[in-house]
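These notes concern the structure reproduced below.
Please treat every number below as a calculation from the coordinates, not as lab data. Given the structure is predicted, the values throughout are model-derived calculations rather than measurements. All Cβ positions, even for glycine, are placed from backbone atoms using ideal geometry, and neighbour counts span all protein chains on display.
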Amino acid sequence: MEPNSRVAIILPTYCEDENIADIIHAIESLKLNSTLLVVDDSSPDETQNIVGELKEEYKNILLLKRDHKMGLGTAITDGFRFLLSLPEPPEFIITMDADFSHCPNDIPRLMKLAEKGSDLVIGSRYCTEGEVKGWNLTRLLISKVANKLTGMLTKLALNDYTSGFRCYSKGYLTKALPQLHSETYEIQIETLRQAKFQNSKISEIPIVFENRKKGKSKLTLTEIAGFFRYILKVLLEQLFKIEN
Ligand SMILES: Nc1nc2c(ncn2[C@@H]2O[C@H](COP(=O)(O)OP(=O)(O)O)[C@@H](O)[C@H]2O)c(=O)[nH]1
Ligand SMILES: [Mg+2]
């Protein structure tokens, strides 16, 4: 059966065998009539086997297997490309972590604003009623600094620029996708910059982000450095040439 839902959810995974079954069951229990695309980078654990079994139980699950760990950014853009090339591409594509930091119960609220015409809806941790639970001070500080710098760089009036819990419209993605080249976590900035170039309508909903209870974060020092290098690169570009 070829999935043809209006909504698709991308779950990028690398070694999420402690979370993947629970998160899929939680999303399925919402009965959203969505397509669920797991983008897995040949996790050396049981992630792919578990998804393979769940594909038998739920007919709306797709698994995109990649050769080796290639980064969150390309996992997301490969997911977009795959979904947009389906015979009936979804109208809305949601991205979320597979570790329960992004609560599946918040998906309908993201969807509501998307249905009302927002090209990009962001689950915001840093607005009134938004919250981060369970991060240590260092992780919170890195996130806050990254958020502040991204705000300066994009000059968009938002509260949370780096959240990965988002809903994108097909219209936005069709235009933006050829311009997205991020390998890892800087994808969140690049997608916002493209939204600004396109004059897209961006909205936020408050979310409570909870640090993962199972498995390990894949965010490494190299990836944090890559994120800040990207910010520096764009800031320098903006300094030396006038950008719209
Ligand atoms: N396919 C793929 N998924 C990844 C990669 N890096 C991280 N992820 C997944 O992306 C999501 C966010 O990563 P996570 O480790 O939770 O980052 P954190 O929440 O910022 O600590 C999780 O579902 C990860 O399994 C990658 O290189 N490839
Ligand atoms: Mg996470």
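Relative to the Cα centre, what is the charge dipole magnitude of segment 9-142, using +1 at the beta carbon of each Lys and Arg, -1 at the beta carbon of each Asp and Glu, and rounding to the nearest 20 debye?
480 debye
So what is the calculated 222 nm ellipticity per residue for the chain, using -39500 (n - 2.57) for each DSSP H run with n of 4 or more, over all residues, to the nearest 500 deg cm²/dmol? Provide the component values of the computation, followed by the final result.
On the way: 8 runs with 98 residues, N = 244.
Calculated at 222 nm, the ellipticity per residue is -12500 deg cm²/dmol.
Ranked highest first by the average count of other Cβ atoms within 10 Å around their residues, in what order do 119-130, 198-209 fall?
Values: 119-130: 20.5, 198-209: 18.3.
With the highest mean Cβ count within 10 Å placed first, the list reads 119-130, 198-209.
List the residues, sorted by chain then number, that are 5 or more residues from residue 205 or on another chain and whose placed amide H is less than 5 Å from its amide H.
122, 123, 124
Based on the Cβ-Cβ distance from residue 103 to residue 232, what FRET efficiency comes out when R0 is 30 Å, to the nearest 0.05? If you can, show how the numbers build up before the last one.
On the way: r = 33 Å, r/R0 = 1.10.
Once rounded, the FRET efficiency stands at 0.35.
For segment 7-88, which chymotrypsin sites (Phe, Trp or Tyr not before Pro) pass both filters: DSSP loop (anything but H, G, I, E, B) and at most 13 other C-beta atoms within 10 Å?
Answer in residue order: 58.
What residues qualify as long-range amide H neighbours of residue 11, i.e. H under 5 Å apart, gap of 5 or more or another chain, H built at 1.01 Å from N?
For residue 11, the qualifying residues are 37, 38, 39.
Considering only 60, 136, 49, give the residue with the highest GNM mean-square fluctuation for the chain, with springs between Cα atoms whenever their separation is below 10 Å.
136
Compute the separation of the alpha-carbon centres of segment 1-68 and segment 97-156 and state it in Å as a whole number.
Centre-to-centre distance over Cα atoms comes out at 22 Å.
Multiplying the sequence separation of residue 175 and residue 210 by 0.36 nm and subtracting their Cα-Cα distance, what value in nm do you get?
Value of the extension gain: 9.4 nm.
Are there any trypsin sites (Lys or Arg not before Pro) in segment 1-108 that are in a DSSP loop and have at most 13 other Cβ atoms within 10 Å? List them by number. Intermediate values should be presented prior to the final figure.
Working: sites: 6, 31, 55, 59, 65, 66, 69, 81; in loops: 6, 31, 59, 66, 69.
Answer in residue order: 31, 59.
From Cα pairs below 8 angstrom and at least 6 apart in sequence, can you work out the relative contact order of the chain, rounded to a whole percent?
That works out to 24 percent.
Work out the charge dipole of segment 7-240 with +1 on the Cβ of Lys and Arg and -1 on the Cβ of Asp and Glu about the Cα centre, then indicate which of 32, 108, 138 is farthest towards its positive end.
Positive-most Cα among the choices belongs to 138.
Contour minus end-to-end for residue 148 and residue 136, with contour as 0.36 nm per residue of separation and end-to-end as the Cα-Cα distance?
Between residue 148 and residue 136, full extension yields 2.5 nm more.
Starting from the Cα gyration tensor of segment 7-240, take the square roots of the eigenvalues, sort them a ≥ b ≥ c, and report rounded, prolate or oblate (rounded when a/c is under 1.5, otherwise prolate if a/b is larger than b/c, else oblate).
On the way: a/c = 1.43, a/b = 1.28, b/c = 1.12.
Taking the square roots of the gyration eigenvalues as a ≥ b ≥ c, segment 7-240 is rounded.
Taking the dipole about the Cα centre of segment 7-240, with the C-beta of Lys and Arg at +1 and of Asp and Glu at -1, give me whichever of 73, 127, 21 is farthest to the positive side.
The residue sitting farthest along the positive end of the dipole is 127.
Just how many % of Cα pairs in segment 1-44 lie over 11 Å apart, if you round to the nearest whole percent?
69 percent
For segment 64-74, just list the computed ³J(HN,Hα) in residue order, Karplus coefficients 6.51, -1.76 and 1.60, θ = phi - 60°, integers in Hz, with x standing in for Gly and Pro.
9, 9, 10, 4, 8, 5, 10, x, 4, x, 6
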